[in-house]
Each structure stands twice: as structure tokens, then as C-alpha cells.
Amino acid sequence: MTERTLRHDGSSKPADLVSTPTDVSDLLSLKSAPARFILYLFILSNVVFTLATLDRMQSAWPSFVGLVLISAGALIVTRPHADPLPWLDTVAIVAIVCVTALVMNWHFPQADGLGRESWNLGAATWLLFFLALRRRARIAWLGIALLTAITIWWAVSVGHSPLFGLTLMQNHWGILLVATLFASSLRRTARIINTLTNRSVDAAAAAAAADASLEIRRQRVSELAALAVPHLERIAIGAPLTDEDRRVFQTVEAELRDSVRGRSLTLPTIADAARDARSRGVTVNLLDDRGAPLPSGDAMRRLGRVVVNELERAQHGTVTARMLPEGRDTAVTVVSGEGEDRQRVSLDDAGERIVG
């Protein structure tokens, strides 16, 4: 038979197309240069607030401790990672928010009015803002509740009313509310993007499968044309046919039957061995009830060697190679001989002989 271009190791299937889901972090482009710039600007602004308010704080060291903690928290909450933010990072952010307040609040100036000295409250809220964006909104609300409780505790402990501490935090609650609503909107957008992406991938996969199927049909048509057309043309011209011509036609008809009924078995080596066996008068049947090759190329090569060996041994009688439906212990059987003198070889999915 002519050279075959189809592969019989199962690799003719189109490559899988995989889409990567989009999440809020992707929409925020946390890996981008602008995102890094905003992060560094946030840290720089806290540095400025720290240095500008040192003379009003009762002690300087809490401000520097708070600066280090808030900066570390900013690096953690904006680090690229698939949402939601990992639990360890989430707990670290809430701990930073609380510890910073515990360290700094009691060193605020004693005056009734506070200015930029309380910068840590705003900075902590922005950490919680991003925590909410990273699909940890409930934990972010827990964090601001703890921050508010610590601030009210500080206010009462230094002689202010609880309302004073609550007033300091009211705007921060509003900021977190905006973050929660914004995160919800971004997640809806991400879901829409993912839906559209999946549809595009499915359409591309369907197109690839259709193209592969069309290519297989074209290859089979080419094989059929190369195999049968010259002989059909000879018959069509009405020239006298010899016994040799009839023998060749019978061989071609058998090979065409193999390509239809035993598609997965028509490896080039098996096709050549089957042609030689038929020339010796052996009846060869190749039957594919599986509809697909064995799982691996090695298994198909082992199958090919077994079938070729049985075909080469046969000098008369019948050789029937059959691929059985998937899911059975026996994947392939090769029966050779005639009458009562028949031999049977059974193979598993790996192309190995089954003993017993």
C-alpha cells in the first residue's frame, strides 16, 4: 500500500487549548510598572508623614516601627498571587494593622485635635482596602473592626470619649465600603471576561477539531486515490484483464477493506505483511472494534510486531487480528490457522501478551 501519513499512536488529535482565568489581581495589573510605582509612592508618603510628625509624637520610635510594619504590609498585600490572597498573608495584614495601632496610638500627642500624627490609621485602612480587593473582604471588615476597637480603647484610656475614637475612624469605614463595592464590581467583570475567554477557547478547539477531521478526510481520499484510481482507470478503458490483474484487484480490494474495517491496525508494517500473506493465499482479516489506537506509541509498536510475526508465520489458512472495544482486559486478539489447528494470541492495552 502507498505510504501513509496518518499517525496511529493517538497523537493526531488537536492539542488542547487551555485558558487562564482572570481574577481581580490581573485586572489591577499588580505586576506592572505603574502598580509598583503606586506601591513605592505609598511607602514614600508614609515616610514623609513619619518624619513630618516626629516632633509632635510623644516618642519617635513607635513611628518608625509603624512605618516598617505598614511598608511590609504593603509589600505583602500587593505581591502577585492568584486570588484570594493566601491565608498566611491575610492574617499577617490584620496583625500588622492591629500591632501598628497598639504601638503608635498611645504615643499620639495629648491635644484634643489630631492631624497627620494618626497617619497610621489611614495607611492601615489602605492595607485593608487592598485586602478586600484580593477577595478577603470579610477579613478586611474584621480588621477595621479591630482597628476601631483599639482606637476607641486608646481614646478612652487617654481621657477622650468613645465617640472621639469612633470619629477618627468614620472616614476609614467609608473607604473600606468603597473597596468592597469596587471589588464586587471587579469580580463581576472578571467573571464576564472568563466567560468570554472560555467561549473563545471552546470555539477555537471546535475549529481545530474540525480542521483536523477535514485533514484526515483529505488524507484518506489521497490514500484511496493513490491506491484505487490507477486500477479503476485500467478497468474503465476496457482493456483485457489477465489473471494477474484480477489478483492485483483482489489485493487492492482487501487493502481498501482493511482501511475501513481495521483502520487502527493498518500500520505500514502490518499492511506490507498482510499483502505478502495474501500473495501466499492466506486470508487476512483486520478488524477494529475499538475505534482508536492503543494508548501509547510503544503499545502500538508492540502490537505491530506481534501481528506481523503471525502474518509471516502463516502459509495458509486465515489470520484474523481484532482490536476489541475499550474497557476490556484483552485489547487485541490475533487468531491464526485453519480448522481445528488454530492459535490465539491476546494482548493488553500496553501491547503485552496475556498469558493463560
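A few notes on this one:
- Across the stretch 239-261, not a single residue is classified as among the small types (Gly, Ala, Ser), within 20 Å of Gly351 (Cα to Cα) and modelled with pLDDT of 70 or more.
- Flag if Arg7 is among the charged types (D, E, K, R), open to solvent by 50 Å² or more (accessible area, probe 1.4 Å) and modelled with pLDDT of 60 or more: no
- Residue among Leu294, Leu311, Leu303, Leu287 that is in a loop (DSSP other than H, G, I, E, B), of a type in the set (A, V, I, L, M) and at negative phi: Leu294
- Scanning the stretch 94-106 for residues that are open to solvent by less than 50 Å² (accessible area, probe 1.4 Å) and either among the aliphatic types (A, V, I, L, M) or at pLDDT 90 or above (or both) gives Val94, Ala95, Ile96, Val97, Cys98, Thr100, Ala101, Val103, Met104.
- Test: residue in the stretch 40-57 that is open to solvent by 40 Å² or more (accessible area, probe 1.4 Å), touching a Pro at 6+ places or on another chain (Cβ under 7 Å) and modelled with pLDDT of 75 or more: yes
- The stretch 260-273: number of residues that are part of a helix (DSSP H, G or I), touching a Leu at 6+ places or on another chain (Cβ under 6 Å) and not charged (D, E, K, R): 2
- Hey, Trp119 within 20 Å of Ser45 (Cβ to Cβ) and under 47 Å from the mean Cα position of the chain (by Cα) or not: yes
- When each of His172, His160 is tested for being open to solvent by 10 Å² or more (accessible area, probe 1.4 Å), outside any helix (DSSP H, G or I) and out of contact with any Cys (no Cβ under 8 Å at 6 or more places or on another chain), the lone residue that passes is His160.
- Hits in the stretch 314-356 - residues which are surrounded by 12 or more Cβ atoms within 10 Å (Cβ to Cβ), part of a loop (DSSP other than H, G, I, E, B) and on the phi > 0 side of the Ramachandran plot: Gly317, Gly351
- Test: Gly66 is within 25 Å of Asp55 (Cβ to Cβ) and either surrounded by 15 or more Cβ atoms within 10 Å (Cβ to Cβ) or small (Gly, Ala, Ser) (or both): yes
- Some residue of the stretch 148-157 being exposed (fewer than 15 other Cβ atoms within 10 Å of the Cβ) and in contact (Cβ under 8 Å) with a residue 24 or more places away in the chain: yes
- Residue match in the stretch 82-93 (condition: buried (at least 23 other Cβ atoms within 10 Å of the Cβ) and more than 14 Å from Ala179 (Cβ to Cβ)): no
The values are calculated or read from the model by the stated rules, or taken from the named source; none is laboratory data. Just so it is clear, the structure is predicted and the values come from calculations on it, not from any experiment. Neighbour counts run over all protein chains shown; Cβ positions are idealised from the backbone, glycine included. Calculation scope for accessible area: heavy atoms of the full protein, side chains included, ligands and nucleic acids excluded. Shrake-Rupley method; radii C 1.70, N 1.55, O 1.52, S 1.80 Å.
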